[in-house]
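**Student:** Below are the structure tokens for one structure; questions will follow.
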Amino acid sequence: MYTMALFTLAAAFFLLGISVRVDGNVPHRARVGERCYCDLQASHGTFPWRRFAQLHSLSGNCSRTLSAKQFKEPIDIIGVIEQGLQKLAERINELEEEYDGDLYSIVSFRIIEIESAELTDLIRQLQELNSKNQEYVADHVVKVQNITNKVNELEEYDRFKVIKEHRNSLILKRSLSSCQSALLATPTPYVSSKPGTCSFGKLIRVSNPKSSMLNHFGTSYRYGSWGMDPLPAPGKEDQYWLTILSSSNRYGNKIRVFSSYGKFLTHSGPVDITFKTHNAQGSGGIMYNDAYYYNCYNLDHLCRFDMTTQEILSVKLPDAGFNDKFPYCTVSSCYGYSDMDLATDENGLWVLYATEGNFGNLVISQLNATDLSILQSWNTTLYKRSATNAFLVCGIVYATRNLSSEVEEIFYIFDTTTGVERNDLAIRFRKVLPGIQYINYNPRDMMLYVYSDAYVVSYNLFFA
């Protein structure tokens, strides 16, 4: 743009300042050896194009420098600090609301201490960058002012405002082009929710542990499950349940229930209900509609234990691997007898497992909660042993994997509505202890319930 404007400007000067000098004594035909010549006369002298080129180069370098990394870093750090402060405030509020006296969790306090230290370090980094950038900005303010002064000087050569009008013309053309494009554009068709999105939004974050405490039976019981019923019977809306596996981490024979969360926390008034037949195998059991669902001990069957009548229904799960054939695993070890993983969400009851027919990959089946018949199944390409656990939210399967002893990551989803699967998620959350033997989503409170190396832990989920 500047090159065109300068040529236009030079032409204007030439036309305005031209004077033709011809010898008045020559006849009508030109004399041999004589010639006409022109003088270019500009009121401000010739246009200083060399100075303009230097100024243009200096301006470009300044723009590139001002967009340098050091100006992006503070913005990123401020964003992380704001998010960290929000999380820390939520964590403290949750502790104040849910715990009294000696019930505060030492693990939760340790998490708050770690997060506070991280925020302090970020603030220190921000202060150092701010000090450096203030000097940097002051130096560039002087340079920008010098450029501005030189631009004002150069504008004196544009007597007819050629550059300004040319710039306005380009702006007008762009506006016209944009308007025409908008008129000719084809309206975007309506598209249903993207894969991995619920009616209330897409899962974007898992909170730090909201609550955590040792299970009621002690550290020897590393495998178990716990939570509350997503579809409780009348009068049992506040009930919480807990199961543990024996020291062999394979089977369990009872369910412990509490009438409220407060009694669960204080170990007050527990009621133990023992299976008459068909003990549970693995820690994949779940409570739903006043019944406990689980993998029947030493069988490729699912069991339904009615919490009121204490009757048990046993039904074969077709082609399912069992007895530690397709468990969840980390890189170094597996969670024993986790072949059949029961789950709940807004759509009801599910079971996650693997079959030889699907090459050991995860199979998702929605169940009839009354007779345990399969309503519908989906084969995925996720090798079950490559995941540490899985849960469902509104028909979407989320699988986790172990990143370290402190961090777990949701890395995979399968949307049963669209059939779309992805393995590029990176939703990470903190762990209380290295192992996660059980994880399930409860649609009543939209929380995750986790059993982690003998500790019962809960998490909030965030959607957007």
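Read-outs: derived from the displayed coordinates by stated rules, not from any lab. All of these numbers come straight from a predicted model, not from anything done at the bench. Positions of Cβ are backbone-derived with ideal geometry, glycine not excepted, and every protein chain shown enters the neighbour counts.
**Student:** Quick one: length gained pulling Lys87 to Met446 fully straight, 0.36 nm per residue minus the C-alpha distance? List each step's numbers first, then the result.
**Tutor:** Values: separation 359, 0.36 × 359 = 129.24 nm, distance 1.75 nm.
Result: 127.5 nm gained on full extension.
**Student:** If you don't mind, there's one more thing I want to ask. What is the distance, in nm, between label points placed 7 Å from the Cα along the Cα-to-Cβ direction at Ser314 and at Cys334?
**Tutor:** Simple spin-label model gives 2.3 nm for this pair.
**Student:** Just how large is the dipole of the range 309-464 about the Cα centre, in debye to the nearest 20, putting +1 at every Lys and Arg Cβ and -1 at every Asp and Glu Cβ?
**Tutor:** The calculated dipole for the range 309-464 is roughly 280 debye.
**Student:** Let me make sure I get this right: for the range 358-464, a, b and c are the square roots of the gyration tensor eigenvalues over alpha carbons, sorted descending. Under 1.5 in a/c it's rounded, otherwise prolate if a/b > b/c, else oblate. Which is it?
**Tutor:** It comes out prolate by the Cα gyration axes.
**Student:** Let me ask another. What list of ³J(HN,Hα) values in whole Hz, one per residue of the range 281-293 in order, does the Karplus curve 6.51 cos²θ - 1.76 cosθ + 1.60 (θ = phi - 60°) give from phi, with Gly and Pro shown as x?
**Tutor:** The phi angles translate into 10, x, 9, x, x, 8, 9, 7, 6, 6, 9, 9, 10 Hz.
**Student:** Tell me, in nm to one decimal, what length is gained between Ile204 and Leu129 on full extension, where the rule is 0.36 nm per residue of separation less the Cα-Cα distance?
**Tutor:** Extra length available between Ile204 and Leu129 comes to 24.0 nm.
**Student:** Taking amide hydrogens as modeled 1.01 Å from N in the peptide plane, which residues meet the under 5 Å criterion relative to Asn279, leaving out close sequence neighbours?
**Tutor:** Result for Asn279 returns Tyr297.
**Student:** When 1/r is averaged over all different Cα pairs and the result inverted, which Kirkwood radius in Å belongs to the range 199-463?
**Tutor:** 18.1 Å
**Student:** Suppose R0 equals 41 Å; then what is the FRET efficiency for Ser177 and Lys143 from their Cβ-Cβ distance, rounded to the nearest 0.05?
**Tutor:** 0.75
**Student:** Going by C-beta contacts inside 10 Å, put Leu245, Leu172 in order with the fewest on the left.
**Tutor:** Starting with the residue having the fewest Cβ neighbours, the order is Leu172, Leu245.
**Student:** Now a separate question. Return the subset of Lys210/Lys325; Lys263/Lys431; Lys210/Lys276; Lys210/Lys236 for which the Cα-Cα distance in this structure is over 29 Å, preserving the input order.
**Tutor:** Too far apart for the 29 Å limit: Lys210/Lys325; Lys210/Lys276.
**Student:** Here is a further query. Only four residue types carry charge here, +1 at the Cβ of Lys and Arg and -1 at the Cβ of Asp and Glu. Report the dipole size of the range 199-463 about the Cα centre in Debye, rounded to the nearest 20.
**Tutor:** Rounded to the nearest 20 debye, it is 580 debye.
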